[in-house]
Each structure stands twice: as structure tokens, then as C-alpha cells.
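Q: Mind looking over this structure? Questions follow.
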Amino acid sequence: MPYKDSLSSYMRDKYQANQRTNTQRRDLDTSAMETVMSNLTKEYEDELELWIEMSNTEDRDVFLSEARLIGTRIVNENKDRYNLRLNLRELRDQIQTIASEMVDEFEEHVKSRRRAKEGLMKKVIHWYKEEIRKKNPDKKFIIPERLEGIHLDLVRLGLKKFQHERGHITNDRYESITRDTMEVAYKKVQDENDQNAPTIPAIGIDLGTTNSCVGYYDPGRHTAGQVVIFKNQRRNDVTPSCVEYRPNSERPVVGEEAKDNRLANPRNIIFSAKRLIGRRYDNPEVQHDFVDPNTKLYPFEVVDVGDNRADVEVEVDGVVAKYLPEEVSAHVLRKMKEVAEERLGYAIQNAVITVPAYFNDA
């Protein structure tokens, strides 16, 4: 019948139209999801590249772990957003493929950073060696304490000089590897310096009651050996055994300068302290020469601080202080050591020191 034919034709056309619409929608959605998939994989790749660029790790396992974390986060952020329309399995597979492919990029990046770091450290070493050479062009022996001071100064200068070239290296890491690099170079400099060290003699110090002196025995290479006495800063062979305690002074003044000031500061300038070493306060000579106001020979005070021990007493800036005669004499010995080191040019390690004539073998 015409009515049935017309209805059948209408239903068929409607169905086909709906099919075409659904196909178009499916195709559009598939295309949209392909775009989403492409965008998400691109986002993953970009994030992974950024991580490689910003990270300082050289560990492949750390990279793979971070790659998994980034991939998991991207999947979790988008699975509810697109519901079943996004093929999560395919997304995971593509993410895994990208991570595997970028392992090579990560390792090449690590190699590139190593080359850059090694290049920078070569520059640091070259600069360090040149600066050391400038400080000591003749490669003469340098007192170890002074050599260490030169090294520490160069470390400070080097850290500042190459700071702008550290590139991807964090500041803490840069300081650590740069210090270590210069430390290695410094060890070699120390070894070379030790090889240039002269045979260090033992010095002899004559700790005298009035004056002290210091010298050593020079065996001589082409002539007979001889004793060499070192001159102090005033070009004298002997140094007065005088120790002055002054206000606002970290260390006592020793020698001619202290002796020249005896009239101005008599109570605080100690001399002949050697005569007190090993003697009790009640010793007759101590009493006669240092204590009894009617017979004493010295303007400074000697007091009993207990246990019959004789100490010298000084007053600086209103503060009274007491010192053992051994402490006073130690300042003279230190002065003699400094005189020897200044003339020899290196640190003294061994010394022979005279003792008062009244000492016994006990």
C-alpha cells in the first residue's frame, strides 16, 4: 500500500541519516581523542625533557622512576575527564614508549653535562697552577703555613672567578667540586714543595738570664762546618730576655723593645725570669734578689701563689695577673724560634735548649 511504502521509506531514510550522523560523531570524537592523545603524549614528553634539563642526577634508575611518576600523574589527571572515550591502555603504552626512547636522550644529556663539568674543572686546574707558578716562579721551598694561606686565597678567588660558568651545576655542588678539584691540585703542589724542602736542622737556643740567642750547625758542603747565629730584626746576635706585658696587646713584647721601655713600665717588664725557674719562693736567693724590699734587685713583683711557688705578678689595665717563670721564659723561646724561622724560611720542628746552670739531672 502507498502508505506503508511511504512509511517504510521514511524510516529507512531516517535510520540511514542517524547512521551517518553517528558515524560523523564517532569520527569527530575519534579525531578529538586522537588530538587529546597527541596533546597528552606531547605534554608528557615536554615534562620529561624539562625534568632532564633541570635535574642534576646521573642515575638512569632515578630517571626511569621519575618518568613513571610523571606518566602516572598525567593518566590519573585525565581518565575521569574523558571517561571511557580516552583509550587509557593506548595512552599508557605511548607513554612507556616515549620513556624508553628518551633514555638515550637522558644518557646523552648526562654525558654532555659531564663533558661541560670536566671542561670547567680543567680550566680551574689550569688557572690554579698558573697562579701558583706566579706566586713561586722559581719553585723554591715555601713554608707550609704560607703555602696553605696561598691555597686558601686561590680557592676563594677561584670560586668567584668561575661562578658564572657553572651552568646547570647547583651552587652548592659547584662549590664542592671546585674546592675538591683545587684540593687535589694543592696536594700535588704540596708534594713538589716538600721535595724542594731543605734539610731542616735542629736549632739551638741559649736561654740566657740577660740575653738569649739562637743558631744552628751548618755542616758545610765545601768547607768545614760552623755554628751560625741568627740575627734578630735589629740585626743583633743576641736578644734581651725581657718580656713586657702591655695594655691592648694580644701577646707580650719580647726583646729590645721591651728592654728600652723598662723605665716607663717597670712593674710589667720581666727579666732574669730564668733565675726563678725550679726555685721555691722561700729560696734564699729568691728572697734576697726578688722579694725583700731592702735587697731586691728587680722592680717587678714576685709572690707566693701557694705551695711555696714563686710567680711573677703584673698589673695591666687595672687587672692583676700572675705567671710562672716558665711561662715568661716561654715567650722568649717563642721569640727565638721566630727569629730562626724568619732567617731559615721554614718552620722549625726540632730544638735544643739550654737550662739554668743550677739544674741537676733529676
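Q: In terms of Cα to Cα distance under 17 Å, which aspartates and glutamates are near enough to Lys335, apart from those fewer than 8 places away along the same chain?
A: Asp206, Asp237, Glu244, Glu250, Glu256, Glu257, Asp260, Glu326, Glu327
Q: Another question, then. Please state the charge dipole magnitude for the chain, taken about the Cα centre, from unit charges on C-beta atoms (+1 on K and R, -1 on D and E), reported in debye and rounded to the nearest 20.
A: Values: 57 positive and 64 negative charges, 207 e Å.
Once rounded to the nearest 20, the dipole reads 1000 debye.
Q: How much mean residue ellipticity at 222 nm does the chain get from its helices, if each DSSP H run of length 4 or more adds -39500 (n - 2.57) and you divide by all residues, to the nearest 500 deg cm²/dmol? Let's see the in-between values first.
A: Values: 7 runs with 192 residues, N = 362.
Computed mean residue ellipticity for the chain: -19000 deg cm²/dmol.
Q: Taking amide H atoms as placed 1.01 Å from N in the peptide plane, list the residues 5 or more away in sequence, or in a different chain, whose amide H sits under 5 Å from that of Arg246.
A: The answer is Val253.
Q: Here is a follow-up. Write down the percent of antiparallel bridges among all DSSP beta bridges whose residues are both part of the chain, to the nearest 5.
A: Taking every DSSP beta bridge with both residues in the chain, the antiparallel ones total about 90 percent.
Q: Can I ask one more? How much length would be gained if the chain were fully extended between Lys42 and Gln190, taking 0.36 nm per residue of separation minus their Cα-Cα distance, in nm to one decimal?
A: Full extension of this stretch gives 47.8 nm more.
Q: Antiparallel DSSP bridges in the range 203-354: what percent, to the nearest 5?
A: 90 percent
Q: Still on this structure: What is the Cα centroid distance between the range 223-260 and the range 79-153, reported in whole angstrom?
A: So the two Cα centres are separated by 55 Å.
Q: Where a Cα-Cα gap under 18 Å defines reach, which aspartates and glutamates qualify for Lys140, not counting those fewer than 8 residues away within the same chain?
A: Leaving aside aspartates and glutamates fewer than 8 places away in the same chain, those within reach of Lys140 are Glu130, Glu131, Glu148, Asp191, Glu192, Asp194, Glu341, Glu342.
Q: Mean Kyte-Doolittle hydropathy of -1.0 or higher plus an axial Cα length of 24 Å or more: which whole DSSP H helices in the chain meet both?
A: 60-82, 144-161, 325-344
Q: Which entry in (i) 147; (ii) 175; (iii) 291 matches volume of the Cα convex hull per residue in Å³ derived from the coordinates of this structure?
A: Only one listed value fits the structure, namely (iii).
Q: Turning to a different aspect of this structure: Tabulate in residue order the Karplus-calculated ³J(HN,Hα) for the range 305-312, using 6.51 cos²θ - 1.76 cosθ + 1.60 with θ = phi - 60°, rounded to whole Hz; enter x for Gly and Pro.
A: So the J values, rounded to whole Hz, are 9, x, 6, 6, 9, 8, 10, 8.
Q: Here's a follow-up. Considering amide H positions built from the backbone, and no H for Pro or chain starts, which residues 5 or more places from Asn211, or on another chain, come under 5 Å of its amide H?
A: It is Ser241, by chain and number.
Q: Quick query: amide H of Lys139 versus all other amide H atoms, modeled in the peptide plane; which residues come in under 5 Å with a sequence gap of 5 or more or a different chain?
A: When sequence neighbours closer than 5 places are left aside, there are no close amide H contacts.
Q: Structure shown: which of Lys134/Lys231; Lys117/Lys160; Lys134/Lys160; Lys274/Lys337; Lys111/Lys134 lie over 28 Å apart, alpha-carbon to alpha-carbon?
A: Lys134/Lys231; Lys111/Lys134
Coordinate-derived values only; no laboratory data. Remember, predicted model here, so these are calculated numbers, not experimental data. Cβ sites come from the backbone with ideal geometry, for glycine too, and all protein chains shown count toward neighbours.
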